[in-house]
Amino acid sequence: MAAWQGLIHRYRSRMNIHGEAVSLCEGNTPLIPCPRLAEWACPGANLYIKYEGLNPTGSFKDRGMTTAITEAAHHGARTVICASTGNTAASAAAYAARAGIHCVVLIPDGKVALGKLAGAMAYGAQVLQIEGSFDFALKMVRDLTNDTDVVLVNSLNPARLEGQKTAAFEVVEQLSAVPDWLCLPVGNAGNISAYWMGFNQMVSEGESRTLPIVLGAQAEGAAPIVYDRVFEQPETLATAIRIGNPARWDQANQAIKESNGRMLAVTDAEIIEAYQKVAQLEGIFCEPSSAAGIAGLRKNPVQPGETVVCVLTGHGLKDPDSALSTSSAPQKIAAVQDELRGAIGC
Ligand code: F0G
């Protein structure tokens, strides 16, 4: 089999994208069966994790960024910009570097996990921080890109969804079926919109006949879609989804409505419990925001025998601080054999 060459190479005929691909060989992430986690989250169901943290910059954002930067380069962009809670920033920075385009990222000061900030800086982006939420940063970059030639690469840019929808294609190909449920965390609502586009496109192209039920999860302190109101000051330790006024709110509602699905809120404590369970029961390390989907699944009845795909959107190494602060510290022992045996109890 030929080596994997990225999403655009694989799916170009099913995407509205122009120009030579700017790619880091993103996509083709594993779909991992998780029976032990299923016993905890959805007993009797067949649970799979779509491990999007294995994309080149460690999050699902690379799917939409290969297409957004390809399109921007094709149109001769010299500068791209995004507002971000961190992952979009790191991804935009990497793909812009690959295309030789200047990248500016605008982030909420002090609310971006370390691995994401480190990525954006390492890839050479111009990193700007504001005292204010992601929502305000997004408004600022929208205003800027309205009357300059700087290109917006947030998921308001339709090229982003063209790439992100391929995750739905992969899920169906990997399962050889459409799952009964698709479960994912929701922030600015680009990803839920893209999955819904992808599953619907497969039906219209005759590739599949059914659609999944979509289960979205938002953090209790940042749950505008669940409670149908803007959160002026969103707050959650799941900083990636600390968003109070999602740009694709209407499309998320449409996906929930058309799929007979549900958007539900999960507390920070529930998110952390799910974050620990997926790591400790299955050996899969994700960032806290990603685990919101699993926390939501645990609160939602699923029938035995149904197939559930949970999307883990970002890698755990993006947020080492959360991993350390939610675990007990390493135990210090003297460098002697007896101490080692004593510590293990053998
Ligand atoms: N999970 C992770 C790890 C994310 O980084 C994000 C969004 C989401 C879930 C939610 O996806 O916004 O499409 O509903 N992160 C954006 C960012 C906002 O700037 O990196 P969404």
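The values are calculated or read from the model by the stated rules, or taken from the named source; none is laboratory data. Since we're looking at a predicted model, the values are computed, not measured. Every residue, glycine among them, receives a Cβ derived from its backbone with ideal geometry; neighbour counts consider all protein chains shown. Accessible surface areas use protein heavy atoms only, side chains included; no ligands, DNA or RNA. Shrake-Rupley method; radii C 1.70, N 1.55, O 1.52, S 1.80 Å.
Things to note:
- Helices (runs of 4 or more DSSP H) within region 169-280 that include 2 or more residues among the charged types (D, E, K, R): 249-258
- Filter pass, residue 198 being small (Gly, Ala, Ser), more than 14 Å from residue 85 (Cβ to Cβ) and touching a residue at least 24 places away in the same chain (Cβ under 8 Å): yes
- Of the helices (runs of 4 or more DSSP H) lying entirely inside region 1-119, those carrying at least 2 residues that are among the hydroxyl-bearing types (Ser, Thr, Tyr) are 61-74, 87-99.
- Filter result (of a type in the set (S, T, N, Q), more than 11 Å from the ligand (Cβ to nearest atom) and open to solvent by 20 Å² or more (accessible area, probe 1.4 Å)) within region 234-256: 245, 253, 254
- Selection within region 103-120 - of a type in the set (A, V, I, L, M, F, W, C) and more than 20 Å from the chain's Cα centre (by Cα): 103, 104
- Residue-level check: of (1) among the polar types (S, T, N, Q); (2) closer than 22 Å to residue 289 by Cβ; (3) outside any strand (DSSP E or B), residue 145 misses just (2).
- Residue in region 136-154 that is under 16 Å from residue 55 (Cβ atoms) and open to solvent by 40 Å² or more (accessible area, probe 1.4 Å) present: no
- Checking each residue of region 24-46 against the condition of being more than 27 Å from residue 298 (Cα to Cα) and among the β-branched types (Val, Ile, Thr) gives no match.
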